[in-house]
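The values are calculated or read from the model by the stated rules, or taken from the named source; none is laboratory data. Please read these numbers as outputs of a predicted model, since none were measured by experiment. Glycine also receives a Cβ, built like all others from the backbone with ideal geometry; neighbour counts cover every protein chain displayed. Surface areas here come from the heavy atoms of the whole protein model, side chains and all, with no ligands, DNA or RNA. Shrake-Rupley method; radii C 1.70, N 1.55, O 1.52, S 1.80 Å.
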Amino acid sequence: MSTTSKFNRRLGKILTQFDLVSEEALGDAMEKVTPQRSLTEVLVEGGTVEEGDILSALARETSFPPIDITKLVADEPLGEYLPEHLAKYYSVVPVAKVGRTLTLAVYDPFDIVKFDDIAMVTSCNVKPVLSTDYRIREAIPEVYNATGRRMEELLDGMGTDPELEISESGVADEELDDLSLEGGDTPVVKIVNHIIYQGIRDRASDIHIEPFDRSVRVRYRMDGVLRESVSPPTKLHSSIVSRIKIMCNLDIAERRVPQDGKFQLRVDGRQVDFRVSTLPTVHGEKVVLRILDASNLALNLDTLGFEEKCLSDIRSAINVPYGMLLVTGPTGSGKSTTLYSCVTEVMRPDDNIVTVEDPVEYQLDGVIQVPVNNKRGMTFAAALRSILRQDPDTVMIGEIRDLETVEIAIKAALTGHLVFSTLHTNDAPSTVTRMIDMGVDPFLVASATQCIAAQRLARRLCNECKRPVEGAATPEHLLELGFLESELEGLELFEAVGCGRCSNGFKGRFAILETLAMTEELRRCVISGGDALEIRDVALSQGMITLRRAALMNAMRGKTSIDEVLRVTRD
């Protein structure tokens, strides 16, 4: 039995229970119900029951309030709260959004699974209000057409377009419109401008433009989480992709294979770099733009939010004349920012600092930066060999990916060079065993390594709207999370709420760090063949602060929430 049939039967019982319709009239109405015509429509159109009486009966049964959906204010950005294809699929209409609470007009208040799905997609708590199915069908086009009109109004009010520099295309210092698909002030140019502007304004790290059967979804990654925005018209998707390809000097005729490119934009007197990736899908090409805004880059170790011991371990490692500092963690955990900050800290006029990166994300004055080009044989290993012949004092390697690169890096660290690099591992102790598994002698790992830091980025609670957690967890649960028994008395934890100044209760991110400083005892453990657990135990006995512990310390300060702690330290 379909969910619609179940609802019709349940509605019929409610109406007869409140004496709004007789059993005989209900039976006649049920015979006229079709997939295109619901029981509500049959009863109202036939004059058997008033629409208001049906909603009143449902409200008394469910305690959900009814709403006159015809009085929705179409000028509000209601369509931004839920994608149009989901509104049609679930037969709901967004009514309002306050903080993390999304109010939806629904006709079937008994479909709990639907509310759970929407809550998961929107990261909001769903608050249902009652309407009828045919009113919802009528409201959806009006709400989402209003959203489209709002986008046009936003585009019309954008003002002067930003100046554009396109690397490797021979076109520089051009106005954005001068590179339009057909010339002139086209809607496609305005939409692309608006999408880019919004990403820069909201300090997003990535912009996703995703095609579906009947819609185009635009999402921005802000503080590590994707947030949906106004969707452009579906018919313009191909033109939007082509416009972005032209900006990157990519082949607009090739739509069957992935392409990568880049361009530069000058906004408010500063240069913003974009890396672009296209990917063919069943409904067209998905485009992801990575925003590399140097103005958002805090190249100062003191501003990254490290614990004092972790900061001390990092500084001790970079203030020696030789050795290796490794920063580990998943993609997007801030490893490059930490390494750039380390490079900035050790920069002196009498030092030769060289980096090899894939690609060069941010350009640093006074630093020689070498981009990897695998197609031309400029791999990390090849570039590193050449760099070591350039008399460097400090070398930064974007990423250690293979045995050849790690062997050269270790030899450089052992022959008087300071080496910074990244590696993909879950925590600091497992980085040691990872290098040994790659084929490096344990003695070399122990001798060359000064410090290993595992890093994550956690979202910072908005100070304007955060609130204390009600109904605190049991002491047993808190101890299980990693709190110390001495910390439980008077412990106050906070949770995200959401307001107009933040994104779902969070505003900005900070780094949490786990540092393993290579002491003599740890070196002996590594050389003797200790596994990751043994190395971890030795490090903990010497005061290592784990990722979980660092996150909990920030939760106790009210800087983040326990939910966020568990999200970023679930490994």
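Some values worked out for this structure:
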{"quantity": "Residue satisfying all of: in the stretch 204-221; in contact (Cβ under 8 Å) with a residue 24 or more places away in the chain and either in contact with an Asp or Glu (Cβ under 6 Å, 6 or more places away or on another chain) or among the basic types (K, R) (or both); nearest to M120 (Cα to Cα) among these", "calculated": "R217"}
{"quantity": "From the options S63, S56, residue that is on the phi > 0 side of the Ramachandran plot, modelled with pLDDT of 85 or more and out of contact with any Phe, Trp or Tyr (no Cβ under 8 Å at 6 or more places or on another chain)", "calculated": "S63"}
{"quantity": "Residue selected from the stretch 315-336 under the condition open to solvent by less than 40 Å² (accessible area, probe 1.4 Å) and over 26 Å from the mean Cα position of the chain (by Cα), by the criterion farthest from L547 (Cα to Cα)", "calculated": "G323"}
{"quantity": "Residue within the stretch 299-314 that is under 15 Å from G398 (Cα atoms) and surrounded by 15 or more Cβ atoms within 10 Å (Cβ to Cβ) present", "calculated": "no"}
{"quantity": "The stretch 278-298, residues that are outside any loop (DSSP other than H, G, I, E, B) and open to solvent by 30 Å² or more (accessible area, probe 1.4 Å)", "calculated": "L279, P280, T281, K286, V288, R290, A294, S295, N296"}
{"quantity": "Residue within the stretch 266-286 that is of a type outside the set (D, E, K, R), under 22 Å from the mean Cα position of the chain (by Cα) and closer than 30 Å to L444 by Cβ present", "calculated": "no"}
{"quantity": "Hey, I545 out of contact with any Pro (no Cβ under 7 Å at 6 or more places or on another chain), among the hydrophobic types (A, V, I, L, M, F, W, C) and closer than 25 Å to T449 by Cα or not", "calculated": "yes"}
{"quantity": "Filter result (more than 20 Å from A454 (Cβ to Cβ) and in contact with a Leu (Cβ under 9 Å, 6 or more places away or on another chain)) within the stretch 552-571", "calculated": "M556, G558, S561, I562"}
{"quantity": "Flag for L339 being on the phi < 0 side of the Ramachandran plot, over 27 Å from the mean Cα position of the chain (by Cα) and open to solvent by less than 20 Å² (accessible area, probe 1.4 Å)", "calculated": "no"}
{"quantity": "Output for the stretch 524-547, where each listed residue is surrounded by 14 or more Cβ atoms within 10 Å (Cβ to Cβ), part of a helix (DSSP H, G or I) and in contact (Cβ under 8 Å) with a residue 12 or more places away in the chain", "calculated": "C525, V526, I527, A532, I535, R536, V538, A539, L547"}
{"quantity": "Candidate set: the stretch 491-523, residues that are touching a residue at least 40 places away in the same chain (Cβ under 8 Å) and charged (D, E, K, R); chosen: the one most open to solvent (accessible area, probe 1.4 Å)", "calculated": "K507"}
{"quantity": "Test result for E464, outside any helix (DSSP H, G or I), touching a helix residue (DSSP H, G or I) at 6+ places or on another chain (Cβ under 6 Å) and within 26 Å of T303 (Cβ to Cβ)", "calculated": "no"}
{"quantity": "Subset of the stretch 219-251 (residues that are out of contact with any Leu (no Cβ under 7 Å at 6 or more places or on another chain), under 18 Å from R275 (Cβ atoms) and surrounded by fewer than 21 Cβ atoms within 10 Å (Cβ to Cβ))", "calculated": "R221, L226, N249, L250, D251"}
